[in-house]
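> Structure incoming, see below.
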Amino acid sequence: MLEKVTPSTTEVPTATGPQDPTSEQQNGVRIAEAVTKSWSKNTLIQAFITVGLTGLIFSLDVLTADTSTAQDRALAFAFTSSPYIIMAFAGAPLSASFNEVNWRWAYGTIAILLPVVTVPLIIIWELAKRKAQETETLAPVHEERSLAESIHYYIIEFDIIGILLLIAGFSLFLLAFALAGSQPQKWHSTHIICMIVIGGVTIIAFAAYERFFASKPLVPYNLLISRTVTFTCLLNLTYVIAADCWASYFTSFLQVVYHVSLTEAGYVVAISNLISPLWLVGVGFLVRWTGRFKWLLLCAIPVYLLAIGLMIYFRSPGHSIGYICLCEVLIGLGTGTIIALEQTAVTTASEHNDYASMLALLGWVGSIGGAIGNSISGAIWTNTLPQKLREYLPDEMKSQWKEINDSLYVQLSYEVGSPTRVAIEKAYAVSQRNMLIAGISFMALTIVWVVGIKDVRVKGRDDKGRVLF
């Protein structure tokens, strides 16, 4: 399988709260993934990893928003994002080292380290909760229900029916785009058409159920009527779609076209992870100084668009990798600004008690954007690369196009400058260009969304409760 990398962007919050099982799930799942050889088991494992990882990130985001004032919230998010700097220096060499020794140790190490760093925070959280209950700041909830009543209660509270409709609808609809290219009849395949139709109908059914039937809707209506919240969620959705469109297969592209090692490719990808948290500190101080954040978003979007536009030109054979690094720097500047100010915007537009709901909504929208972006990039890749390989490969190698298409190691095995390697590089360049064009097309919409966000003044706003920032 070709390597598919996650876009190197700052994580967005997702809808899961701080609970002890988060670290336990991560711990057990990392060990299980290291030994499984079944794709079905690995898929289940990836689902648990997503729940655990997003739970941790969301917990920290809620804690950050809850303990900071409006004018200092961007600075607080910059502080909690600072560990991403370490990834720029340690990620690539550690990845290469584990790859040389035994890749299983990478998962084993995470399984050991994760509880070590999370258990102290969980203990502090629990002690704070008990102290709040003792002082009657937090009233304990004691309700006696039968098992059947409890099941019914949680089905309503967590909107299980809505969640199932949402998952089924988007899974069927988006998966069709990724699978169509590998089918003999492409988009004319019966099951692809059925997946799109059934998925679309299910999504419509989800919307109708949430609006007219759900007692506890997954997305409360009162959170959607705010102009700032609506346009910020659209900004996040579009931004994540664009990022997932262009960033997929990036490390493979660097190794094949720019002839760099896995470690060197990791360093290039990590540039934005270094720039983004560093620049976030500057963003935080600028918001604190000016008392407003919208103007920074209006500056960040053109920078990000410029970076993707330059990538379209430079992601092809014959250009220096230094230009790619320059684009990564610009992406880091745009990414850090967009993500932090999205979180600032939705929390500023809401009451203190709604911070968690707002961050969850933002994360949920981002997750949908990621699924859409991955489906688009997967569809472009599976429909473009094989076709271009068959077109560009020398006549004596055309029969081996599938073997070349399916393996990064086979692609790298051909000598640099040979006709076969040149053909592979050209096929990669065309595929990446199409993905970038899709990304910049979506990203252009963000200008409209940012204009629609209300220019809220954060300086001087009252914040209830105790804050650290």
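The values are calculated or read from the model by the stated rules, or taken from the named source; none is laboratory data. Quick caveat, the model's predicted, so the values are computed rather than measured. Glycine also receives a Cβ, built like all others from the backbone with ideal geometry; neighbour counts cover every protein chain displayed.
To keep it simple, each residue is scored yes or no on (1) modelled with pLDDT under 90; (2) under 30 Å from Phe285 (Cβ atoms); (3) among the aromatic types (Phe, Trp, Tyr).
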position	(1), (2), (3)
Gly378	yes, no, no
Tyr392	yes, no, yes
Trp401	yes, no, yes
Val410	yes, no, no
Ile437	no, no, no
Ser441	no, no, no
Leu445	no, yes, no
Val458	yes, yes, no
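> Have a look at Ala427, Ala371 and point out the one that is under 25 Å from the mean Cα position of the chain (by Cα) and either in a helix (DSSP H, G or I) or not basic (Lys, Arg) (or both).
Every option except Ala371 fails the conditions.
> Taking the stated definitions as given, is Arg390 closer than 26 Å to Tyr428 by Cβ and either among the basic types (Lys, Arg) or buried (at least 23 other Cβ atoms within 10 Å of the Cβ) (or both)?
Spelling it out, Arg390 is indeed closer than 26 Å to Tyr428 by Cβ and either among the basic types (Lys, Arg) or buried (at least 23 other Cβ atoms within 10 Å of the Cβ) (or both).
> Specify the residue that is nearest to Met358 (Cα to Cα); the eligible residues are those in the stretch 60-94 that are in contact with a Leu (Cβ under 7 Å, 6 or more places away or on another chain) and surrounded by fewer than 22 Cβ atoms within 10 Å (Cβ to Cβ).
Checked the stretch 60-94; the qualifying residue nearest to Met358 (Cα to Cα) is Val62.
> Could you look through the stretch 346-369, keep only residues that are among the hydrophobic types (A, V, I, L, M, F, W, C) and more than 21 Å from Val450 (Cβ to Cβ), and pick out the one that is modelled with the highest pLDDT?
Here the answer is Ala360.
> Where in the stretch 55-167 are the helices (runs of 4 or more DSSP H), entirely inside, with at least 1 residues that are over 27 Å from Val283 (Cα atoms)?
Hits in the stretch 55-167: 84-101, 104-134, 147-157.
> Does Thr232 qualify as being assigned by TED's automatic domain parsing to the domain that holds Leu412, among the polar types (S, T, N, Q), surrounded by 24 or more Cβ atoms within 10 Å (Cβ to Cβ) and modelled with pLDDT of 90 or more?
Yes: the conditions hold for Thr232.
> Return yes or no: is Ala205 assigned to a helix (DSSP H, G or I), of a type in the set (Gly, Ala, Ser) and touching a residue at least 40 places away in the same chain (Cβ under 8 Å)?
Against the criterion (assigned to a helix (DSSP H, G or I), of a type in the set (Gly, Ala, Ser) and touching a residue at least 40 places away in the same chain (Cβ under 8 Å)), Ala205 qualifies.
> If Leu341 meets every condition in (1) surrounded by fewer than 22 Cβ atoms within 10 Å (Cβ to Cβ); (2) assigned to a helix (DSSP H, G or I) apart from one, which number is that one?
Condition not satisfied by Leu341: (1).
> Let me ask something else. Is it fair to say Ala214 is crowded, with 16+ Cβ neighbours inside 10 Å and of a type in the set (A, V, I, L, M)?
yes
Here is a yes/no grid of residues against (1) more than 25 Å from Tyr304 (Cα to Cα); (2) small (Gly, Ala, Ser); (3) outside the structural domain of Ser171 (by TED's automatic domain parsing):
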position	(1), (2), (3)
Ile338	no, no, yes
Ala345	no, yes, yes
Ala356	yes, yes, yes
Val365	no, no, yes
Ile376	no, no, yes
Trp381	no, no, yes
Pro386	yes, no, yes
Gln400	yes, no, yes
Thr420	yes, no, yes
